[in-house]
Amino acid sequence: QDGKNLGIWSRWWTVRGAASDGFEEQGGELVIHGNGRDLHHLGFSTLLVRPQEEFCFEISAGVAIEDGGKKERNKDWDGGLTCYYDENSYLKLGLACRGGQPGILAAEYVDQGYVTERFLPLGMECCRAELKIVTEHLRRALYYRQEGEWQQAAVFENTAYLSSEGLNKGKRFTGATAGIYVNGQVTGRFSAVEIRCTEAGLWQDGKKQYN
């Protein structure tokens with residue numbers, strides 16, 4: 001990605017060649033246009049990540065999904081946060097639609113398929129929420145909030161698959177990353193994306209904000 005439409009967001013990485021019209025910046029928000037593919041598909045390109053630099057950190061963002069109206073309303077899609085190693089190993093926390101029902105999706109993909117998928121239906125039709133993943137070494141706690149207090153979507157206790165030694169499959173040398181994604185023929189809007197170190201003494205200000 002050449003970053004010409006992204007401004008400050010151009011400091012993020014894509015995992016493979018990104019379509020020039022897949023990303024844009026609008027009023028301080030990053031807009032990602034999904035291409036209908038999930039993170040494990042070779043044609044998937046609507047993902048932006050930063051390298052994981054600490055063992056203990058949080059990534060959070062405001063996320064809104066535009067589903068394209070009636071044409072896409074009954075199709076499955078999701079978009080939000082991810083901890084990503086490669087197309088063979090990642091987890092994701094996102095706003096989602098399954099069978100026409102909006103909700104929150106927490107999922108782990110390892111080797112050749114999803115080993116965990118938890119879908120929490122939401123009563124509100126508006127597809128907007130704050131999302132957060134809290135990392136403590138191999139443990140990932142996933143949270144969402146639409147209003148009021150944070151709600152826990154899932155806890156993944158052992159995410160060793162997000163390391164070079166965690167899965168014996170091909171060449172694994174890229175390192176763990178964290179970022180944002182969209183899966184499906186939908187548009188995701190991301191605001192206030194922040195990666196914050198939670199281990200005392202590593203950073204003076206404790207956080208890095210990317211928008």
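Multiplying the sequence separation of Gln112 and Arg139 by 0.36 nm and subtracting their Cα-Cα distance, what value in nm do you get? Working shown, then result.
On the way: separation 27, 0.36 × 27 = 9.72 nm, distance 2.16 nm.
So the extension gain works out to 7.6 nm.
Working note: Karplus 6.51/-1.76/1.60 with θ = phi - 60° gives region 188-194 the couplings x, 10, 10, 9, 6, 6, 9 Hz, where Gly and Pro are set to x. With both labels modelled 7 Å from their Cα along Cα-to-Cβ, the Gln151 to Leu120 distance reads 0.6 nm.
Amide H to amide H, with H built 1.01 Å from N, Gln185 comes under 5 Å of Gly36, counting only residues 5 or more places away or on other chains.
Using the 1.4 Å probe convention, the accessible area of region 22-129 works out to 41 Å² per residue with neighbouring protein chains retained. Label separation (Asn88 vs Cys56): 3.2 nm, computed from points 7 Å beyond Cα along the C-beta direction. Modelled label positions at Leu42 and Gln101, each set 7 Å beyond Cα in the direction of Cβ, lie 3.5 nm from each other.
The values are calculated or read from the model by the stated rules, or taken from the named source; none is laboratory data. What you see is a predicted model, and the numbers here were worked out from it, not measured in a lab. Positions of Cβ are generated from backbone atoms using ideal geometry, with glycine treated the same way; all protein chains shown enter the neighbour counts. For accessibility, only protein heavy atoms count, side chains too; no ligands or nucleic acids. Shrake-Rupley method; radii C 1.70, N 1.55, O 1.52, S 1.80 Å.
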